[in-house]
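The values are calculated or read from the model by the stated rules, or taken from the named source; none is laboratory data. All of these numbers come straight from a predicted model, not from anything done at the bench. Here the Cβ is made from the backbone with ideal geometry for all residues, glycine too, and neighbour counts use every protein chain on show.
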Amino acid sequence: MQTLIPYLPPSISSFILFFIVGLLIGVAIKKAVVSAVLVILAALIASFAGLNALSPYATQFLSHVPSIVSSAYHVVGPLITTVPIAFLIGLVVGFWKG
């Protein structure tokens with residue numbers, strides 16, 4: 001079997017690659033969560049300052065959040081059981097250190 005990383009057995013190289021992918025995705029998720037929190041905080045500060053242009057859109061979006069979360073759970077839920085351990089470890093480390 002041909003591996004992307006020569007001189008390593010296929011199981012070790014795939015473990016390393018899954019770890020790296022998980023690490024990068026963990027960092028990306030952390031950055032996205034921080035950005036979303038900052039956008040929400042900016043909208044709250046703007047509403048206190050009298051710049052309330054997002055109010056109709058915010059209430060419409062918040063009414064759709066439960067259905068969005070539910071559909072995402074049904075799509076991602078079955079995939080969680082198939083994700084390798086190395087990917088999960090990399091994801092946690094990336095989210096923690098990112």
Quick one: which residue in Ala53, Ala36 is at pLDDT 85 or above and more than 26 Å from Ser13 (Cα to Cα)?
Ala36
Here the residues within the stretch 70-98 that are at pLDDT below 65 and either of a type in the set (Ser, Thr, Tyr) or part of a helix (DSSP H, G or I) (or both) are Pro78, Leu79, Ile80, Thr81, Thr82
Kindly list, by first and then second residue, each pair from a residue in the stretch 31-53 that is farther than 17 Å from Phe95 by Cα to a residue that is assigned to a helix (DSSP H, G or I), limited to pairs with Cβ atoms under 8 Å and residues at least 6 apart or on different chains.
Ala43/Ala58; Ser47/Ser55; Asn52/Ala46; Ala53/Ala46
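Residue under question is Ser67, and the condition is that it be closer than 28 Å to Leu17 by Cβ, in a helix (DSSP H, G or I), of a type in the set (S, T, N, Q) and modelled with pLDDT of 75 or more; does it hold?
No, not satisfied.
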